[in-house]
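Structure, as structure tokens:
The values are calculated or read from the model by the stated rules, or taken from the named source; none is laboratory data. Please read all numbers here as calculations on a predicted model, not as lab measurements. Cβ coordinates were reconstructed from backbone atoms using ideal geometry, including for glycine residues, and neighbour counts include every protein chain displayed.
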Amino acid sequence: MKISVIGCGYLGAVHAAAMAELGHEVVGIDVDAARIAQLSAGEPPFFEPGLPEILAAAGATGRLSFSTDIGAAAGCALHFIAVGTPQLRGSYAADLSFVDAAVEDLLPHLAEGDLVVGKSTVPVGTAARLAERIEAASGATLAWNPEFLREGYAVKDTIEPDRLVYGVRRVGDALDARAVGLLDEVYARAVGAGVPRVVTDYQTAELVKVSANAFLATKISFINAMAEIAEEVGADVTQLADAIGHDSRIGRRFLNAGAGFGGGCLPKDIRAFVARAEELGRGESVAFLKEVDAINLRRRQRIVDLVVEHLGGSVHRRRVAVLGVTFKPYSDDVRDSPALDVAVQLRGLGAKVAVTDPQGMANARARHPQLKYRGLEGALREAEIVVLVTEWPEFRALDPVVAGQLVAERIIIDGRNVLEPAAWRAAGWVYRGMGRP
């Protein structure tokens with residue numbers, strides 16, 4: 001199929017390359033000329049495992065191209081909208097200006113029978129509004145096909161999804177069979193492999209994405225709330241999570257207490273969900289998400305407080321090594337990163353903060369040049385306290401004996417509960433986890 005992908009940021013670039021890998025003829029379109037130049041040269045503008053390989057492979061076949069000209073979308077049968085929906089400044093609500101602009105710019109290049117497919121995460125009600133505009137202006141139709149990508153696994157999640165959700169218009173009492181057929185053709189490999197597929201209306205498809213993120217955020221904040229209680233009574237939240245995780249109704253995944261969640265999706269999506277619910281007069285239905293958000297932010301502050309506590313009440317001019325700046329491993333994304341937030345807060349309290357990260361240093365430096373950026377050994381050298389906040393394999397595999405020879409004081413705050421306390425204590429370290437005695 002001939003496909004255009006409007007927006008070549010994290011979502012769009014991965015989607016465009018993956019669609020070409022699946023055999024489609026794809027043009028990726030973005031207003032950022034530097035980004036398009038990078039992608040055209042086969043160089044991803046961000047770190048994502050597997051993306052360089054499929055970019056190179058698709059580019060070699062001639063099935064994948066990139067352009068800054070929206071006119072390049074003309075003649076394509078499907079048009080994926082994959083632009084960002086960031087949080088509005090000064091509000092919980094989502095900024096839909098990029099989605100609206102992408103649709104308006106695309107309209108002159110649509111033909112009757114084309115299918116526009118939304119991938120962006122949007123508040124419920126957006127698709128119906130856009131569908132009316134698209135149909136009236138061009139005769140094209142709209143579907144909403146939410147993404148469920150995990151940074152670090154985005155290529156696999158696109159090519160081998162764990163589910164497909166199609167939100168399509170109603171035609172009488174039925175759902176748009178033609179739109180479903182076109183999407184089935186796009187995802188023929190996954191459909192043929194028996195991947196679960198949910199065909200529904202616009203509103204349900206929009207809610208699927210935000211409710212999935214809200215549930216995940218709630219699960220993470222729940223175990224962090226239990227960590228707060230565990231710290232007061234001397235319990236071990238890791239063993240608590242193991243015990244309740246054996247209950248098949250609960251499950252062990254994402255019951256890991258620590259610094260909490262971050263990134264470009266979960267924080268802003270749950271806030272936008274709250275804002276939209278309040279617009280609908282149903283704010284009380286998701287009021288708990290405000291506490292989910294508050295718990296999450298408290299865990300970052302808790303790490304800062306632990307550093308202050310273990311340095312005797314003040315971090316002024318004390319040397320602190322922060323391991324990690326990205327919000328999760330296998331990514332260079334520092335948006336709303338707990339690790340970077342901790343480093344910046346400590347720097348604001350007067351600490352001499354040296355940070356290290358395998359992939360996120362350039363992005364962090366662009367936002368916070370006041371921090372010192374070092375390699376792992378350089379960050380550890382002469383540190384009076386070490387704070388692990390992003391669970392990169394390199395940090396998890398640290399040898400406490402070797403690390404102990406580099407630092408000035410053997411104190412470590414394990415902000416992800418990924419180190420073995422006994423091994424670190426045996427090597428002479430003061431070890432402090434999150435919700436662990």
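For the stretch 255-262, the condition holds for at least one residue, the condition being that it is closer than 28 Å to Q239 by Cβ, among the polar types (S, T, N, Q) and not assigned by TED's automatic domain parsing to the domain that holds T126. Looking only at the stretch 280-329, filter to residues that are over 19 Å from the mean Cα position of the chain (by Cα) and among the polar types (S, T, N, Q); which one of those is farthest from L266 (Cα to Cα)? This residue is S314. As a summary of the residue check, G75 satisfies the conditions (1) of a type in the set (G, A, S); (2) on the phi > 0 side of the Ramachandran plot; (3) out of contact with any Lys or Arg (no Cβ under 7 Å at 6 or more places or on another chain) except for the one numbered (3).
Could you go through the stretch 83-96 and let me know if any residue there is part of a helix (DSSP H, G or I), more than 18 Å from the chain's Cα centre (by Cα) and touching a residue at least 24 places away in the same chain (Cβ under 8 Å). Looking through the stretch 83-96, none of the residues is part of a helix (DSSP H, G or I), more than 18 Å from the chain's Cα centre (by Cα) and touching a residue at least 24 places away in the same chain (Cβ under 8 Å).
Residue pairs whose Cβ atoms lie under 6 Å apart, separated by 6 or more positions or on different chains, with the first residue in the stretch 297-309 and within 20 Å of F327 (Cβ to Cβ) and the second in a helix (DSSP H, G or I) and of a type in the set (D, E, K, R), are R300/D341.
If only residues of the stretch 245-269 that are part of a helix (DSSP H, G or I) and touching a helix residue (DSSP H, G or I) at 6+ places or on another chain (Cβ under 9 Å) are counted, the one that is farthest from Q87 (Cα to Cα) is L266.
Restricting P123, P108, P161, P146 to those that are farther than 29 Å from E279 by Cβ, at pLDDT 95 or above and part of a loop (DSSP other than H, G, I, E, B) reduces the list to P161. D332 meets the conditions (1) part of a strand (DSSP E or B); (2) closer than 30 Å to C265 by Cα in every case but one. The failed one is (1). Annotation for the stretch 64-79: at least one member residue is within 21 Å of R189 (Cβ to Cβ), part of a loop (DSSP other than H, G, I, E, B) and out of contact with any helix residue (DSSP H, G or I) (no Cβ under 6 Å at 6 or more places or on another chain).
Are any residues in the stretch 156-205 surrounded by 15 or more Cβ atoms within 10 Å (Cβ to Cβ), more than 28 Å from P52 (Cβ to Cβ) and acidic (D, E), and if so, which ones? Selection gives D176, D184, D201. Apart from one condition, E409 fits all of (1) within 23 Å of D341 (Cβ to Cβ); (2) part of a loop (DSSP other than H, G, I, E, B); (3) out of contact with any helix residue (DSSP H, G or I) (no Cβ under 7 Å at 6 or more places or on another chain); the exception is (1). The set of residues from the stretch 172-187 being under 20 Å from E25 (Cα atoms) and either hydroxyl-bearing (S, T, Y) or in contact with an Asp or Glu (Cβ under 8 Å, 6 or more places away or on another chain) (or both) comprises just one member, Y187.
Checked against the criterion of being farther than 28 Å from T85 by Cα and either without any contact (Cβ under 8 Å) to a residue 24 or more places away in the chain or assigned by TED's automatic domain parsing to the domain that holds L164 (or both), the stretch 193-211 contains one or more residues that satisfy it.
Looking across G251, G258, G234, G281, one residue alone is more than 20 Å from K209 (Cα to Cα), exposed (fewer than 14 other Cβ atoms within 10 Å of the Cβ) and touching a residue at least 12 places away in the same chain (Cβ under 8 Å). It is G234.
Return yes or no: is V353 over 30 Å from G9 (Cα atoms), of a type in the set (A, V, I, L, M) and not in a loop (DSSP other than H, G, I, E, B)? So V353 fits the description; yes. The set of residues in the stretch 375-397 being surrounded by fewer than 18 Cβ atoms within 10 Å (Cβ to Cβ) and in a loop (DSSP other than H, G, I, E, B) consists of G375, R381, E382, A397.
Select from the stretch 44-100 the residues that are charged (D, E, K, R) and modelled with pLDDT of 95 or more and write down the one among them that is surrounded by the most Cβ atoms within 10 Å (Cβ to Cβ). Among residues in the stretch 44-100 that are charged (D, E, K, R) and modelled with pLDDT of 95 or more, the one surrounded by the most Cβ atoms within 10 Å (Cβ to Cβ) is E48.
Tally time: how many residues in the stretch 312-327 are part of a loop (DSSP other than H, G, I, E, B) and surrounded by 20 or more Cβ atoms within 10 Å (Cβ to Cβ)? Residues in the stretch 312-327 being part of a loop (DSSP other than H, G, I, E, B) and surrounded by 20 or more Cβ atoms within 10 Å (Cβ to Cβ): 6 in total. For the stretch 411-425, filtering for residues that are basic (K, R) and either more than 17 Å from A257 (Cα to Cα) or assigned by TED's automatic domain parsing to the domain that holds I220 (or both) leaves 1.
Hey, could you check the stretch 1-21 for residues that are part of a strand (DSSP E or B) and not aliphatic (A, V, I, L, M) and say which is surrounded by the most Cβ atoms within 10 Å (Cβ to Cβ)? Among them, the one singled out is S4. Only one entry of R271, R299, R318 meets the criterion of being at pLDDT 95 or above and over 25 Å from R150 (Cβ atoms), and that entry is R318. For the stretch 22-44, a tally of residues being of a type outside the set (D, E, K, R) and in a loop (DSSP other than H, G, I, E, B) returns 7.
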